[in-house]
Amino acid sequence: MVKQLKQLLLDIAGLSAWDKRWILQQLNPEQQEKFSRLHGFQLLKDARRFRKLKCPERPVETSVNLPDFCRQLALEFPLYAAIIIDQSADGWSKDFLATLDEDNRIKQALDIQVPDLKPTVKEALFKQWEKSISFDDYLDEKHG
């Protein structure tokens, strides 16, 4: 079975009976026939047993368009990257942590170590970093 179909059935099984009926009624006749042919109703009934289990949060699959300097920043020491993220007022930090911080070391440094640092130290490091990125990267970050 396709992984997406399995996850979709588990998600639907966790809904109320009224919501399940409403979702299935939204299928066009061709989709309803295909759902029936794939034994979707039986699979949905079987998935009902697992409806109370917590499903892990699935990351939303979108193509994240991070500035070029983010890839380089991900290779830096985690505390250094965490300070840059903390001082940055731009919206790329969430996408950065979601896509480039696979082992959560930067997020941990951001939560644990960065709050203990003096604001002047963080500002000085951020200014130094801003000077180190190329002008083209800076324009991409600020103006898309």
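The values are calculated or read from the model by the stated rules, or taken from the named source; none is laboratory data. All values reported here derive from a predicted model rather than from experimental measurement. Note that we place each Cβ from the backbone using ideal geometry, even for glycine, and neighbour counts take in every protein chain shown.
Among residues belonging to the range 73-99 that are in a helix (DSSP H, G or I) and free of Cβ contacts under 8 Å to residues at least 12 places away in the same chain, point out the one that is surrounded by the most Cβ atoms within 10 Å (Cβ to Cβ). Quick ask: steps written out before the conclusion?
Looking only at the range 73-99, we keep the residues that are in a helix (DSSP H, G or I), and these are 73-74, 78-87, 92-99.
After this cut, where a residue has to be free of Cβ contacts under 8 Å to residues at least 12 places away in the same chain as well, the list is 93-94.
Values: Ser93: 18, Lys94: 10.
So, considering only residues that are in a helix (DSSP H, G or I) and free of Cβ contacts under 8 Å to residues at least 12 places away in the same chain, the one surrounded by the most Cβ atoms within 10 Å (Cβ to Cβ) is Ser93.
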What number of residues within the range 105-125 satisfy the criterion of being farther than 14 Å from Pro78 by Cβ and either surrounded by fewer than 16 Cβ atoms within 10 Å (Cβ to Cβ) or touching a Gly at 6+ places or on another chain (Cβ under 9 Å) (or both)?
8
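In this structure, does Leu5 turn out to be out of contact with any Phe, Trp or Tyr (no Cβ under 9 Å at 6 or more places or on another chain) and touching a residue at least 12 places away in the same chain (Cβ under 8 Å)? Spell out how you get there, then give the answer.
Details: out of contact with any Phe, Trp or Tyr (no Cβ under 9 Å at 6 or more places or on another chain): yes; touching a residue at least 12 places away in the same chain (Cβ under 8 Å): yes.
Against the criterion (out of contact with any Phe, Trp or Tyr (no Cβ under 9 Å at 6 or more places or on another chain) and touching a residue at least 12 places away in the same chain (Cβ under 8 Å)), Leu5 qualifies.
Looking at Glu102, is it modelled with pLDDT of 85 or more and either exposed (fewer than 12 other Cβ atoms within 10 Å of the Cβ) or in a helix (DSSP H, G or I) (or both)?
On the way: modelled with pLDDT of 85 or more: no; either exposed (fewer than 12 other Cβ atoms within 10 Å of the Cβ) or in a helix (DSSP H, G or I) (or both): yes.
Against the criterion (modelled with pLDDT of 85 or more and either exposed (fewer than 12 other Cβ atoms within 10 Å of the Cβ) or in a helix (DSSP H, G or I) (or both)), Glu102 does not qualify.
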